[in-house]
Every structure is written in C-alpha cells, then in structure tokens.
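Just below is one structure, and these are the notes that go with it.
Rule-based calculations on the coordinates, nothing more; no lab input. Because the structure is a prediction, the values reported are computed rather than measured. Here the Cβ positions follow ideal geometry from the backbone for every residue, glycine too, while neighbour counts run over all protein chains shown.
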Amino acid sequence: SQKIEQNSEALNIQEGKTATLTCNYTNYSPAYLQWYRQDPGRGPVFLLLIRENEKEKRKERLKVTFDTTLKQSLFHITASQPADSATYLCALLGFQKLVFGTGTRLLVSP
Amino acid sequence: DAGVIQSPRHEVTEMGQEVTLRCKPISGHNSLFWYRQTMMRGLELLIYFNNNVPIDDSGMPEDRFSAKMPNASFSTLKIQPSEPRDSAVYFCASSRAGVSNQPQHFGDGTRLSIL
C-alpha cells in the first residue's frame, strides 16, 4: 500500500541547533516533493519544492534533500529559532494528486 | 495580495443539519482544492477543480458531500445531512496550474463541529 510517513512524535531542540525532519514514502515515484509549514489554527504554507533530479535545495536557513533510492526526503532548519516552532508537512505527487504526510511538530526552546 | 479566503472560520451545528462552507481563491489561480484535516488521517484531498470544472472527486466521502464552483472566484462545499464524524477542519487551497509543481496556497480553514 502507498504510504507517506513522518515522525508523529514532536521534535524538541534548543535554539541555535539544526532541526532535521524526515519524510519517507513507499509505493510512490514522485516527480517532485514539497514541504509546507503549518501553525496552529492556520492553513499550511508552502516552503520548498525539490524535483526528483535534484539532490538538494536551499532557501535561507532551510535545506531539503531528496533521495529517490532511499525514498526519503530530509528537511533541515539551521540555526533554529523559537519562531520556527510549527508542524512541518511533506507532500508528494501521487496518482495525479498531491498527497500529504501527517506532519511532524517541531518545538524550538530558547 | 489577498490570500485564499474561507468562511465561516468556525461552525458548530447539530447532526442532520445542512452545512455550507465557502471559499474565495486567489485571483488568477485556475485550480481550487478542498481538503479535510483530522488528527487521525491528516490532510486529505476531497475534490479539486480546474477552470471551474471538477476534475477529481474520488476523495469525497459519500453522497452527503457535494462541491460546486459556479465561477472562478467562488466555491462551496456542502454537507447534507451532517454527521458527527464529519467534524474536522476543512481547507480550501488554490494554485496557478492544477496538480503540478506549483505550490498550493491554503486558506485558514473552517473548523466544523457536528454535535
């Protein structure tokens, strides 16, 4: 069966450290993968897109990797700040629709 | 620029009542999506429209759910009759080009509680 898995447990880190979130998938062959941020009571907000032929993508303090052999994407936030605390969702194109993972909650402590 | 606008933000109603959720997409976006989010199942696509035409409604749970897009700037999702298991947050999103590499822009959702 098709699955997108993100760690359901919250990730707690200290300010200034690098946060790394994982997105694993099975039985998909996505042409691209997207990452979104969701704050409580708000809709998801698009952050980054990475294509299957790209190994890595960066935007300011954000970095995304995409390994189609491992079927995994890693999302990194360097020099994390309390304002980075949110839920992060990965999404991939599966059978002509965008399919979302359930998200990982990140808590950055000062 | 105005983002995707959804109304109402909260809706509490009794089982059996009709519920109508509304969405105004971003001007110039030709694709509109309705999602439902719950703790158990995460964010699920219910239906999406391209140029006001429904393209994929395979995620609509059952006949009690219906969606319309009468013009490029307005869409509704209707539940009739509503049931407690329909309680969830319903999001509308729009994009420039269907299900593609274009990002989807989400509204802030309607939190629906069916008693």
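Is the shape of the protein assembly as shown best called rounded, prolate or oblate, per the rule: a/c under 1.5 gives rounded, else a/b larger than b/c gives prolate, else oblate, with a ≥ b ≥ c the square roots of the Cα gyration tensor eigenvalues? Numbers along the way, then the final one.
Numbers: a/c = 1.82, a/b = 1.52, b/c = 1.20.
Prolate, because a/c is 1.5 or more and a/b exceeds b/c.
Please state the relative contact order of region B:24-84 as a whole percent: Cα pairs under 8 Å, 6+ residues apart? List each step's numbers first, then the result.
On the way: 94 pairs, mean separation 16.4, N = 61.
Answer for region B:24-84 is 27 percent.
Just need the relative contact order of chain B here, percent rounded to a whole number, with Cα pairs under 8 Å and 6+ apart.
Numbers: 288 pairs, mean separation 42.7, N = 115.
Computed value for chain B: 37 percent relative contact order.
What is the Cα centroid distance between region A:38-110 and region A:1-36, reported in whole angstrom?
Centre-to-centre distance over Cα atoms comes out at 6 Å.
Take every DSSP beta bridge whose two residues both sit in the protein assembly as shown, then give the antiparallel share in percent to the nearest 5.
Numbers: 75 of 83 bridges.
Once the DSSP bridges in the protein assembly as shown are tallied, antiparallel ones form about 90 percent.
Across peptide B:101-112, how many C-beta atoms of other chains are within 10 Å of each residue C-beta, on average?
Values: counts 7, 3, 10, 9, 4, 7, 2, 4, 5, 0, 1, 0.
Mean shielding count: 4.
Under 10 Å, Cα contacts only: if you run a Gaussian network model on chain A, which one of A:GLY43, A:GLY16, A:GLY94 comes out with the highest mean-square fluctuation?
In the Gaussian network model the winner is A:GLY43.
Is the shape of region A:33-110 rounded, prolate or oblate, going by the alpha carbon gyration tensor and its root eigenvalues a ≥ b ≥ c, with a/c under 1.5 for rounded and a/b larger than b/c for prolate? Please list the in-between numbers first.
Working: a/c = 2.23, a/b = 1.36, b/c = 1.64.
Oblate, since a/c reaches 1.5 and b/c is not below a/b.
Classify region A:23-63: rounded, prolate or oblate, from the alpha-carbon gyration tensor (a ≥ b ≥ c, eigenvalue square roots; a/c under 1.5 rounded; otherwise prolate if a/b is larger than b/c)? The partial results should precede the final answer.
Values: a/c = 2.72, a/b = 1.37, b/c = 1.99.
Judged from the Cα gyration tensor, region A:23-63 comes out oblate (a/c at least 1.5, b/c at or above a/b).
Using the Karplus curve 6.51 cos²θ - 1.76 cosθ + 1.60 with θ = phi - 60°, what ³J(HN,Hα) values do you get for each residue of region A:41-46, in whole Hz, with x for Gly and Pro?
Result, rounded to whole Hz: x, 10, x, x, 10, 5.
Per residue of A:92-103, what is the mean number of Cβ atoms on other protein chains within 10 angstrom of that residue's Cβ? Spell out each step's value before the answer.
Working: counts 0, 3, 1, 3, 6, 10, 11, 4, 7, 2, 7, 3.
The per-residue average across the peptide is 5.
Remind me, relative contact order of chain A in percent, using alpha carbon pairs under 8 angstrom and six or more residues apart? All intermediate terms of the calculation are to be shown ahead of the outcome.
Working: 269 pairs, mean separation 39.7, N = 110.
So the answer I get is 36 percent.
Can you compute 3J(HN,Hα) from phi for each residue in region B:27-37, using the Karplus curve 6.51 cos²θ - 1.76 cosθ + 1.60 with θ = phi - 60°, rounded to whole Hz and x for Gly and Pro?
Running phi through 6.51 cos²θ - 1.76 cosθ + 1.60 with θ = phi - 60° gives 4, x, 7, 9, 10, 9, 10, 10, 10, 10, 10 Hz.
Please compute, for peptide B:40-46, the average count of beta-carbon atoms on other protein chains lying within 10 Å of each residue's beta-carbon. The partial results should precede the final answer.
Numbers: counts 1, 1, 9, 12, 3, 4, 0.
Partner Cβ neighbours, averaged per residue: 4.
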